[in-house]
Amino acid sequence: MTVQQHFTDLETATGTMRCSVIRPTATGAFPSILLYSEIFQITSPIARTAAYLAGHGYVVIIPEVFHELNPIGTVLAYDDEGKEKGNEDKFTKPLTDHDSDTEAMIRWIDQQSFCNGTVGAFGVCLGGHLACRAALHARVLGTSCLYATDIHSSTMPSGNAPQTIEQLSKISGEILFIWGRQDPHVPLEGRKHLYDTLSQTEITYSWHELNGQHAFLRDEGDRYDPELASLCYRLSLDLFHRVLR
């Protein structure tokens, strides 16, 4: 499908949040995917990922994940300065504020004639964690988390709520985890800790470890692996096609 893009500003519990919306140009109502970005917010690679998913028949909503901490429209560069600012934001904003962002997006979805009411989530890096966090919402039926950071370590501020890893048993939809075995941000011991925690729950999940580095899906920079990216898109779309349609 061909796609179209527009921006919408949503009111959340912590202020105005700009979202990019990429959806099919065809008429009709489609399932929605909440797409959570890396710490750099809505970069060109993130927008291309959203367009790819939208072209398979989904309304994709990308929030500015640190809207409280930056002017609207802020995109951080993939350099040391951008990384420093993004990590500072990551350890400043509590997870409970991300939860209220998710709630605001789902309320918006319910008001759109081009959305059919079913909701999934997808995220990379920080966004993988936020997608997992979104999976705790009862409306989220399918979630794809790629090299999700900080779930295993419980190092992000959680506000007045438990850490994500402590709530995994509350996930009611299906969730997919994909990891790079050469990713220093989620080392083997971290993956084992998360896997062992998941295995003690009764949720529906799948787990894939690939020979890739961190951010291998990002089609910019020397860590990009297009073959692995194609595989991850296929796994994610198989999930979304099965549970959202």
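Here the 3J(HN,Hα) profile of region 98-106, calculated from phi with Karplus coefficients 6.51, -1.76 and 1.60 at θ = phi - 60°, is 5, 4, 5, 4, 4, 4, 5, 5, 5 Hz, Gly and Pro shown as x. Just name one of TYR78, GLY180, ALA26: the one whose Cα is farthest towards the positive end of the charge dipole of region 3-244 (beta-carbon charges, Lys/Arg +1, Asp/Glu -1). The listed residue farthest towards the positive side: ALA26. Counting 0.36 nm for each residue step from GLN111 to GLU189 and taking away their Cα separation leaves a gain of 23.8 nm. Taking θ as phi - 60° and the Karplus parameters 6.51, -1.76 and 1.60, the scalar couplings of region 56-69 work out to 9, x, 9, 8, 9, 10, 10, x, 6, 5, 10, 4, 6, 10 Hz in sequence order, x denoting glycine and proline. Across region 99-245, the mean sequence separation of Cα contacts (distance under 8 Å, 6 or more residues apart), normalised by length, yields a relative contact order of 21 percent.
Shown here for region 1-95: trypsin sites (Lys or Arg not before Pro) in loop regions (DSSP other than H, G, I, E, B) with at most 13 other Cβ atoms within 10 Å, of which there are none.
Couplings 3J(HN,Hα) for region 234-245, derived from phi with the Karplus relation 6.51 cos²θ - 1.76 cosθ + 1.60 (θ = phi - 60°), are 5, 4, 5, 5, 4, 4, 5, 4, 6, 9, 9, 10 Hz, where x marks Gly and Pro.
In a DSSP loop and with at most 10 other Cβ atoms within 10 Å, the GluC sites (Glu not before Pro) in region 161-213 are GLU202. Amide H contacts for GLY180 (H built 1.01 Å from N in the peptide plane; partners 5 or more residues away or on another chain; cut-off under 5 Å): TYR147, LEU210. Taking each residue as 0.36 nm, the span from ARG223 to LYS170 lengthens on full extension beyond its C-alpha to C-alpha distance by 15.7 nm. Only Lys, Arg, Asp and Glu carry charge here, each on its Cβ (+1 for the first two, -1 for the last two); on that basis region 117-184 has a dipole of about 120 debye about its Cα centre. Between CYS115 and PHE30, the built amide H atoms are under 5 Å apart, and every one of these is 5 or more places off in sequence or on another chain.
Read-outs throughout are calculated quantities, based only on the coordinates presented, and are distinct from any laboratory measurement. Remember, it's a predicted structure, so these values are computed and weren't measured experimentally. As a convention, Cβ positions derive from the backbone with ideal geometry for all residues, glycine included, and neighbour counts pool all protein chains shown.
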